[in-house]
Structures are given as structure tokens and as C-alpha cells.
């Protein structure tokens, strides 16, 4: 079992299937049997008229490669698993990102570091990300903390917060930017 499965996919699956935590009744449609050699989505869940295709990343080292994997996930040819073989994706499918953070002595990432990096990337070209989420149907970002708790935020809300972040964090040092990112997103995220 990979760290991505153990620390991101499995806690997210528990979160989605717990009605009290997620607020919806989801059914598992597909989950790769082997995480290392899997070519499809890391998790596919559905309910009536909604399918979430989830790309998960466990970040323990360099952020850029994990972020690139998340960004290109809607563009890669990964069809939705469904009973109709001739369809690529249903009209109800949306893409979601799931981000988990690893802790070790060399790379001590904290969630606030991830928020700051995401806001820095998004705030560089907000219009691009607005079109990206609309055209490619990217709906949610799930954050999974070190304790296996999950928080969900819509991609459009993340873009709005990034716009505010850009105004507040301009010309600030890294530690100040991380604190600003943490304060801005805390109002919208509730880990459960």
C-alpha cells in the first residue's frame, strides 16, 4: 500500500461514506486494486446525478511535481468507469483534487505551507484558473491532514480566496505569506 492510498485515498473514502461528515450518500464506483500501477482515477464515487473523479496526491517532498500531476489530471485520457463502454465521461462527472501532506524530519510540510503555495500559483493568473475550473469541470479540493481528517472547499472559493491573498501578501516574506494564507482559508475549511 502506497502512502497516497494510506494517507489520502483511504481517509477520503471514509469521509465520503460517512453521511454525518460529508453530508451526502456516496457509493464507490471504482478504486484501483493496486495503487502503484493504477492508470485510472484514484477514487471514483457517485450519487444520483453526480460523479466525482478524484485525483489524489500525497506531498512529502517537492510540491511542483505533485501539483503538475493534479493540474494535468483532467487533461489526461482517463475515462470514467461506467457501464456504457462507448462513453468517455458522463455529463454528471466532475474532477476533484485530494491533497495530503506528509511529515518527516527532512521535509516538514504543514497544511499552511500547502495553502500558501496553492495561493501563490493560483493568484499568478486568476483568469486562467477560472476558465480551467469551468471548462474542465474541476469542482472541489479535499485536504487530508496528518490525522486523517478531511476538509472540502470548492475550487471557485479557492480562486476567490487567492484573489484576496494576492492583495494581502504582496511584497511580504514567506512566513508572513503562510500566516496570511492560513488565516484566509481557516474561515472556509472545517476538518472532520
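The values are calculated or read from the model by the stated rules, or taken from the named source; none is laboratory data. In this text, all values refer to a predicted model and were calculated from it rather than measured experimentally. Cβ: placed from backbone, ideal geometry, glycine included. Neighbour counts: every protein chain shown.
Miscellaneous remarks
- Matching residues in the range 154-192 - criterion: being loosely packed, with under 13 Cβ neighbours inside 10 Å, free of Cβ contacts under 8 Å to residues at least 40 places away in the same chain and part of a loop (DSSP other than H, G, I, E, B): 170, 171, 172, 173, 187, 190
- The set of residues in the range 52-63 being surrounded by fewer than 20 Cβ atoms within 10 Å (Cβ to Cβ) and farther than 13 Å from residue 111 by Cα consists of 61, 62.
- Subset of the range 103-116 (residues that are part of a loop (DSSP other than H, G, I, E, B) and at pLDDT 70 or above): 110
- Among (1) at pLDDT 95 or above; (2) under 18 Å from the mean Cα position of the chain (by Cα); (3) in a helix (DSSP H, G or I) - the single one residue 142 does not satisfy: (3)
- Which numbered condition residue 14 misses (of (1) in contact with a strand residue (DSSP E or B) (Cβ under 7 Å, 6 or more places away or on another chain); (2) modelled with pLDDT of 90 or more): (1)
- When residue 137 is tested against the conditions (1) within 19 Å of the chain's Cα centre (by Cα); (2) buried (at least 18 other Cβ atoms within 10 Å of the Cβ); (3) at pLDDT 90 or above, the lone failure is (2).
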